[in-house]
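K.L.:
Just dropping this structure here.
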Amino acid sequence: MKAQEIRNLSLEELKDKLEELRKRLMELNFKKKTAHVEKPHQFKQIKKDIARILTVIKEKQK
């Protein structure tokens, strides 16, 4: 997800997206522990998206 796309979202949408990404990351971690992960690059991508969303949320709260 691009930074510009994230900035266009409202605060509620950002919080929903953050929750969704955290769930996906948790599911990937669970799959990593129990079985083989098909796309291991998703870990890095999801973590970066979470960081971007948190940054934009803090910007909007100021």
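The values are calculated or read from the model by the stated rules, or taken from the named source; none is laboratory data. The structure displayed is predicted, hence computed values, not measured ones. So basically every Cβ, Gly included, is an ideal-geometry build from the backbone, and we count neighbours across all protein chains shown.
K.L.:
I need the full set of residues from region 31-62 which are more than 17 Å from the chain's Cα centre (by Cα) and among the polar types (S, T, N, Q), in order please.
P.N.:
T34, Q61
K.L.:
Go through (1) out of contact with any helix residue (DSSP H, G or I) (no Cβ under 9 Å at 6 or more places or on another chain); (2) surrounded by 13 or more Cβ atoms within 10 Å (Cβ to Cβ) and name the single condition A35 misses.
P.N.:
Against the list (1) out of contact with any helix residue (DSSP H, G or I) (no Cβ under 9 Å at 6 or more places or on another chain); (2) surrounded by 13 or more Cβ atoms within 10 Å (Cβ to Cβ), A35 comes up short only on (2).
K.L.:
A further question follows. Pairs only if they're at least six apart or on different chains, beta carbon under 7 angstrom, first in region 9-29 and basic (K, R), second at pLDDT 95 or above; list them, first residue then second.
P.N.:
Close Cβ pairs (under 7 Å, with a partner that is at pLDDT 95 or above) amount to K17/I53; R22/I50; R24/I46.
K.L.:
Here's something else I'd like to know. Please go through (1) outside any helix (DSSP H, G or I); (2) touching a residue at least 40 places away in the same chain (Cβ under 8 Å) for D49 and return the number of the only condition it doesn't satisfy.
P.N.:
(1)
K.L.:
Would you point out the residue of region 13-30, among those that are over 8 Å from the mean Cα position of the chain (by Cα) and more than 18 Å from H41 (Cβ to Cβ), that is surrounded by the most Cβ atoms within 10 Å (Cβ to Cβ)?
P.N.:
Of everything passing the filter in region 13-30, L14 is surrounded by the most Cβ atoms within 10 Å (Cβ to Cβ).
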